[in-house]
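Please see the structure below; I have some questions.
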Amino acid sequence: MTQLFENISLAISGLRANKMRALLTMLGIIIGIGSVIGIVMVGDSMTNMMTSSLQEVGANNIQISIQQKASETGMSYSVQVDEEDLISNDMIDQFMTSYGDMVDAVSASETMGSGRVEDGRKYANVSISGVNNGYQAANHLTMLEGRFIDERDTKGIKNVAVVSDKLVNNMFAPGESPLGQEVKVYLGKDIYTFTIIGVYEYKQDALTSMMGAMASDQDLSTGLYIPITTQWKLTNATEGFSYITILTKQGTDSRALANQFEDYFNRFYQRNTDFGVMAISLDSIIDQYTSMMGTIQIAIAVIAAISLLVGGIGVMNIMLVSVTERTREIGTRKALGASAIRMQFIVESVIICLIGGLIGIVVGMSLGYAGAALLKFPARPSLQAILIAVGFSMAIGVFFGYYPANKAAKLDPIEALRYE
């Protein structure tokens, strides 16, 4: 143990005597480990934020969407979607009769377009969607005033709207109630008038936050929701849905139910030669996203780790130079009976890589925090990546330091003493 501490002390003294050379030797290790930790840290933070955001939306959500069937010949072709191909309200009603005890709500929506609410100099950007009464529960909208769209609005095809608190702040004076007031929505060349029946709390989604699209409250575009039947009437659209979202009850197995629901809805498409239905649970989407992000992280980290190989070769090169420079010293020590020459050089190599690894950790965490801040999501350091980086740097020290150390240990003391 005493000899080990002596070797460590000698290694540190050698680094202090050649600071610049030691730093340049460590540079490859620092860049490699810093890159790997930074990439893993940003990737983990992104994955955690996206998965937690999807879970907030509802891990027990199941999306049902129509899909074009493959042709008998296997050739791909495009088929126009007709009204009989869409999921109808009648299908949803029959579904709720069969599975109502397992389902909290069925959300159906269609995007009408992006427009602007205007009143003189006041304005608010909006994305207009026609929705049914199950949309609120499936998308976890929090109502601040009034109510959400219900069956009376959809059956009555009413010109009513639910708006965000951001729109209210832009269009109305502080303390003024928007309920019962009309707003004019300009959508292209068309102008629509809706009566406000409710105000919901706007929450920025993870994707918008991650992409850094942080517009001012004045220019922020928020959802304006109207009855789906009203949207069909205003746009002369085909009645029916290309997809719906089913919110299952807590405690149910959404993956298993997704298969049941897919089989149920496909019964309506048995005679349809062009289209069928596919169901996928949000749990499955989260798993696919996590797996995809993990694969991307590993691929990028492997590329970044190539610099570790370069750094290791640099360490070996410098250690060979060090052996050459200290040939007479090695000869003197061996002549005096020193037997731990090999260990001395291995320890010195490990110390170089370990210090480089620690600096690389600091650099990597700094890069990780900077990258997370730039993308506007919380940074989460990966303890596993840090421990692996430290272990890997020590392994590089042993691996690439062994050859120079072995060469030093095999030097003939007499020849070494004659070396100039």
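So is GLY113 touching a Leu at 6+ places or on another chain (Cβ under 6 Å) and closer than 17 Å to ALA237 by Cβ or not?
Values: touching a Leu at 6+ places or on another chain (Cβ under 6 Å): yes; closer than 17 Å to ALA237 by Cβ: yes.
Criteria met by GLY113.
For region 116-141, enumerate the residues that are surrounded by fewer than 20 Cβ atoms within 10 Å (Cβ to Cβ), within 18 Å of VAL185 (Cβ to Cβ) and in contact with a strand residue (DSSP E or B) (Cβ under 9 Å, 6 or more places away or on another chain).
Listed by number, the residues that qualify are ARG116, GLU118, ASP119, TYR123, ASN125, SER127, SER129.
Among the residues of region 277-299, which ones are buried (at least 17 other Cβ atoms within 10 Å of the Cβ) and part of a helix (DSSP H, G or I)?
Start the filter on region 277-299 by keeping residues that are buried (at least 17 other Cβ atoms within 10 Å of the Cβ), which leaves 277, 279-283, 286, 293, 297.
Listed by number, the residues that qualify are LEU282, ASP283, ILE286, MET293, GLN297.
Consider only pairs whose beta carbons are under 9 Å apart and that are at least six residues apart or on different chains; among these, list those whose first residue lies in region 367-391 and is at positive phi and of a type outside the set (Val, Ile, Thr) and whose second residue is open to solvent by 60 Å² or more (accessible area, probe 1.4 Å) and not in a helix (DSSP H, G or I).
As it stands, the answer is LYS376/MET211; LYS376/MET214, since those pairs meet every condition given.
Counting only residues that are more than 26 Å from GLN204 (Cβ to Cβ) and over 31 Å from the mean Cα position of the chain (by Cα), how many does region 228-270 have?
19
Got a sec? Which of ASN133, ASN125 is part of a strand (DSSP E or B), within 34 Å of the chain's Cα centre (by Cα) and either closer than 30 Å to GLY100 by Cβ or not aliphatic (A, V, I, L, M) (or both)?
Numbers: ASN133 fails: part of a strand (DSSP E or B).
On inspection, the qualifying residue turns out to be ASN125.
In addition: Is it the case that some residue within region 302-310 is under 25 Å from the mean Cα position of the chain (by Cα), surrounded by 15 or more Cβ atoms within 10 Å (Cβ to Cβ) and part of a helix (DSSP H, G or I)?
Checking region 302-310: at least one residue is under 25 Å from the mean Cα position of the chain (by Cα), surrounded by 15 or more Cβ atoms within 10 Å (Cβ to Cβ) and part of a helix (DSSP H, G or I).
Now a separate question. Give me the pairs: first residue in region 88-108 and touching a residue at least 24 places away in the same chain (Cβ under 8 Å) and closer than 18 Å to SER281 by Cα, second residue among the aromatic types (Phe, Trp, Tyr) and open to solvent by less than 60 Å² (accessible area, probe 1.4 Å), beta-carbon distance under 6 Å, and six or more apart or on different chains, which are they?
Going by the 6 Å Cβ cut-off, the qualifying pairs are SER107/TYR135; ALA108/PHE241.
Sticking with this one: Sort out which residues of region 182-194 are surrounded by fewer than 14 Cβ atoms within 10 Å (Cβ to Cβ) and at negative phi, and write them in order of number.
Applying the first criterion (surrounded by fewer than 14 Cβ atoms within 10 Å (Cβ to Cβ)) to region 182-194 yields 182, 184, 188-191, 193.
Answer for region 182-194, where residues must be surrounded by fewer than 14 Cβ atoms within 10 Å (Cβ to Cβ) and at negative phi: GLU182, LYS184, LYS189, ASP190, ILE191, THR193.
Kindly list the number of the only condition in (1) over 15 Å from THR222 (Cβ atoms); (2) aliphatic (A, V, I, L, M); (3) crowded, with 20+ Cβ neighbours inside 10 Å that fails for VAL163.
(1)
A further question follows. Looking only at region 354-380, filter to residues that are outside any helix (DSSP H, G or I) and of a type outside the set (Lys, Arg); which one of those is nearest to VAL36 (Cα to Cα)?
In the first step, residues of region 354-380 are kept if they are outside any helix (DSSP H, G or I); the result is 376-380.
The next check asks that each one be of a type outside the set (Lys, Arg); those that pass are 377-379.
Values: PHE377: 19, PRO378: 18, ALA379: 15 Å.
Checked region 354-380; the qualifying residue nearest to VAL36 (Cα to Cα) is ALA379.
If the requirement is being in contact with a Gly (Cβ under 8 Å, 6 or more places away or on another chain) and surrounded by 14 or more Cβ atoms within 10 Å (Cβ to Cβ), which of these qualifies: ILE246, ILE226?
On the way: ILE246 fails: in contact with a Gly (Cβ under 8 Å, 6 or more places away or on another chain).
Just one listed residue meets the conditions, ILE226.
State which residue is modelled with the lowest pLDDT when the search covers only region 229-243 and only residues that are open to solvent by 10 Å² or more (accessible area, probe 1.4 Å) and in contact with a Leu (Cβ under 8 Å, 6 or more places away or on another chain).
Once the filter is applied, the top-ranked residue is THR238.
Cβ-Cβ distance below 6 Å, separation of 6 or more or different chains: which pairs start in region 5-27 with a residue that is surrounded by 18 or more Cβ atoms within 10 Å (Cβ to Cβ) and end on one that is among the polar types (S, T, N, Q) and at pLDDT 70 or above?
Hits for this filter: ASN7/GLN344.
The values are calculated or read from the model by the stated rules, or taken from the named source; none is laboratory data. As the structure is a computational prediction, the values presented were derived from the model and not from experiment. Neighbour counts are summed over all protein chains in view; Cβ atoms, including those assigned to glycine, are modelled from backbone coordinates with ideal geometry. Protein only, heavy atoms only, side chains kept; ligands, DNA and RNA dropped before computing areas. Shrake-Rupley method; radii C 1.70, N 1.55, O 1.52, S 1.80 Å.
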